[in-house]
Every structure is written in structure tokens, then in C-alpha cells.
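First comes the structure, then the notes that go with it.
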Amino acid sequence: MTDSNRAAPVRLALWLVLLAAAGMFALTMGTRQTMGLFLGPLNTATGLGIGSISLAFAFGQLWWGLTQPFAGAVADRIGTGRVLLLGCALVALGTFITPYMTTTAGLIFAIGILSAGGAGMAGPSVLMAATTRLVPAEKRGIASGVVNAGGSFGQFVMAPVAGALMAGVGWANAMQVLGLIVLLALPAALVLKGNSAQAAAPGARKNLTVREALREALQLPSFWLLAGGFFVCGFHVAFLATHLPGVVASCGLSPQVAAWALALLGLFNIVGSVGIGWAVGRWRMKSLLSLIYAVRGLAVLLFVLAPKTEFVLLAFAAVMGVTFLSTVPPTAGLVAKFFGPANMAMLFGVVMLTHQVGGFLGAWLGGKVFEANGNYNWIWYIDIVLAVGAALIHLPIREAKLPARKAANA
């Protein structure tokens, strides 16, 4: 068999892995990122107030992060397929039953525990680790960008779909249809099955236990700096995903503009994710992260100063979309570079937890600030300060490989 004949099945298998991971992320993330469209209708139907409903969304941000280290540890040891199957089912169930919830506790259960927890189990820490395990090392940067772009493509597609469904069948039925659509991702779990034992190279030292891997990570200052920057990313992303429709409404623009603003976040994040995945193999990942956060801070500053027209809102959404989740490939890449793929799902899950602590604050404070002031101005000021801090905090990260003893699994 010639080299070209052997290469064709390898390429097919690679694209099948990327399609499965990106498709799973598209449906779970796309559904979650449209939930901000339902904040107003939920408030009207329940009368709970924006602050109380924002608490449910904020708890979901936190719980999404809390589930990922544990889901990652289970996937590393037992297998990715089982974790993804359960996660996908929980996203569908939580989304489907949300319209029946009439109390804050009920919304926290449906949105914050079931749906967000399931999305965490089928989230980036498990998907990125599975992709890292199944693709060649030289293609991991662009592969992580493609998978990340899948989540963005899901948001781009699902936001207008959700808006059209809300106009056609009402918000409650629209949410339940979205829950059923998530189940289309179930076959992807079969493609991504396997565990970290497949990542061990012949002759490599024995895989670390969860406790040993976590201890090594927590002793590395660069790991803490990386997690601190990702905290800021979570604050930015969760605030926009939850409150961008409210920002649009406060500017006196229509709900259709809100749906398209969310869609543009997803569309332009496809560009950002694929572009950053390509750049990961060519420039230092910590420098790319600093650049992303600096662009975010500048974009928010210009938005605060600009008139709030439809064009400005959509242009702002597009610029923020380029940076929206483009932090994920270099962050995941640094975790893999520091510690290798064997415990990556768990360790990247720990970093994702800090991301979601920031997400909790972004979603919750957005609602509280709006209730107190009738606008989101103070959140924008906080956004700018945090972006500058995140741009600076990545510069001291030591990106050089760890000593051979710690990098053996790589």
C-alpha cells in the first residue's frame, strides 16, 4: 500500500474525530448560549425579577465549571463516551423542563444543575482532552481551534433558530424544541470513546493519579496565572451570553437585534477560534492570550464611548465574537504542554472551574447592577479593568517545557 493510500484513512479518521467533538460542542454550547434570549420571557412568566433569574443563570455558570474537573477525571480513567452520553442527556432534560419551573429554586435546578451540569460533562475539558488524545501532536493546535469553533457555530445557528421558534411557537415550546435538538449529539459519544490509557506512549512512565497530577499542577506558578486569566474570560463571556439581549433592550432596539447579536458572537468566534488554533503552532500561547484580552478591553472601551445604534451593537458583537472563546485553544494548549495529555481532561477542568467562578460573577453581577442602576455601565467599567489585568497576568507565564520527569507523558 502506498503512503497516499495509507494517509487517506488517517485523514478520514482525523476529520471524523473533529466532526464528532465540534458537533457535540455545537449543540450543547449553542443551546446554552441562547438562554439569555429567554431571560425576559422567564421574568414575565414567573414574576421573579431579573436579579433572581440571573442568580439561576449565574449558578449554572458556576456549576458548569464545578462539574468539569470531576467529569474530566472520570473520562480520563473510565472513558469519554459514557461521560458525554450522560452529559448530553442532562442538557436535553434540563432545557426541556425549564418552562415548568416557577420558582428561583426550580430554575436553579433545571438551568443551573441539570442543563449546566450536563453541558459541563460534555464540555470543553472532556472534548479537548479527547481530541488531544486522538489526533497527532503536530495537529493539536488547529484541532482544538476547530472543536472550539464548533461551539461558536452552534451559537451562530441556534440563536436565530431560537429567536424564530420563540416568534412562531412561543418561548416555552421553543425552549423544549431546543432541548430535543441537543439529543442529535448522542452519536458523537461513540466516536470519542476511550480514556487516557490510550495517550501513554510506549516506554513512558506510569500515569499519575488524580491527586499526584493535581499536586504537580498546583505547585506550578504558571498554572495559577493561567487560571487567573481564565477567570476574567469567564466573567466577560457569561456577562455577554446572559445579558447581551438586555443590553440591546436597554438601548431601545428590538429582540431580533439581540438574536442577531448573539449569532454574530458565534459566527465571528468561528473565525477567532480557527485563527487562534492556527496561530498556536506559530507563536507563544501566552502572548496570544495577552493579545486577546487587550483587544477585548479596547473593544469594550470603544463601545462605551460610541452611540448605541444597531450598527454599533452588531459591530461590537462581531469584534467580541473574534475573542469570545478564542482563549480556549491556547489555554488548553498550555495545560497539555505543561502536563501532557494523560490527565488533561481533569487539569483543564480545574482551569475551567476558575473560568466559571468568573462566569458566576459576570452573570449575577450583571443582573444586580442593572436592577440597582437601570443600566450596565459599571459592568462595562469592570470589564475593561479585568481585561487589562488579564493581558498583563499572562506575561510572566513560563511556557518552556517542564523537566523531562514531569513531561514524560507528553
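Assorted remarks:
- Residue in the stretch 38-58 that is surrounded by fewer than 18 Cβ atoms within 10 Å (Cβ to Cβ) and hydrophobic (A, V, I, L, M, F, W, C) present: yes
- Every listed requirement among (1) under 11 Å from residue 323 (Cα atoms); (2) modelled with pLDDT of 80 or more is met by residue 273 save one, (2).
- Looking only at the stretch 285-344, and only at residues there that are in a helix (DSSP H, G or I) and among the polar types (S, T, N, Q), the one that is surrounded by the most Cβ atoms within 10 Å (Cβ to Cβ): 331
- Filter result for residue 239 (over 29 Å from residue 79 (Cα atoms), modelled with pLDDT of 80 or more and buried (at least 23 other Cβ atoms within 10 Å of the Cβ)): yes
- Scan of the stretch 279-314 for residues that are of a type in the set (Lys, Arg), under 17 Å from residue 337 (Cβ atoms) and within 21 Å of the chain's Cα centre (by Cα), ordered by number: 286
- Residue tally, condition under 20 Å from residue 58 (Cα atoms) and surrounded by fewer than 24 Cβ atoms within 10 Å (Cβ to Cβ), over the stretch 118-136: 0
- Candidate set: the stretch 82-117, residues that are of a type in the set (S, T, N, Q) and over 21 Å from residue 355 (Cα atoms); chosen: the one surrounded by the most Cβ atoms within 10 Å (Cβ to Cβ): 95
- If you filter the stretch 274-284 down to residues that are out of contact with any Leu (no Cβ under 9 Å at 6 or more places or on another chain) and not in a loop (DSSP other than H, G, I, E, B), you find that the one that is surrounded by the most Cβ atoms within 10 Å (Cβ to Cβ) is 277.
Residue-by-condition table, conditions (1) under 27 Å from residue 348 (Cβ atoms); (2) of a type outside the set (Val, Ile, Thr); (3) at pLDDT below 80:
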{"position": "195", "(1), (2), (3)": "yes, yes, yes"}
{"position": "209", "(1), (2), (3)": "yes, no, yes"}
{"position": "219", "(1), (2), (3)": "yes, yes, no"}
{"position": "224", "(1), (2), (3)": "yes, yes, no"}
{"position": "227", "(1), (2), (3)": "yes, yes, no"}
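- Within the stretch 16-74, being outside any helix (DSSP H, G or I) and either under 20 Å from residue 231 (Cα atoms) or without any contact (Cβ under 8 Å) to a residue 12 or more places away in the chain (or both) holds for one residue alone: 47.
The values are calculated or read from the model by the stated rules, or taken from the named source; none is laboratory data. Everything numeric in this text was worked out from a predicted model, so none of it was measured. Methodologically, a virtual Cβ is constructed for each residue, glycine included, from the backbone with ideal geometry; neighbour enumeration extends over all protein chains shown.
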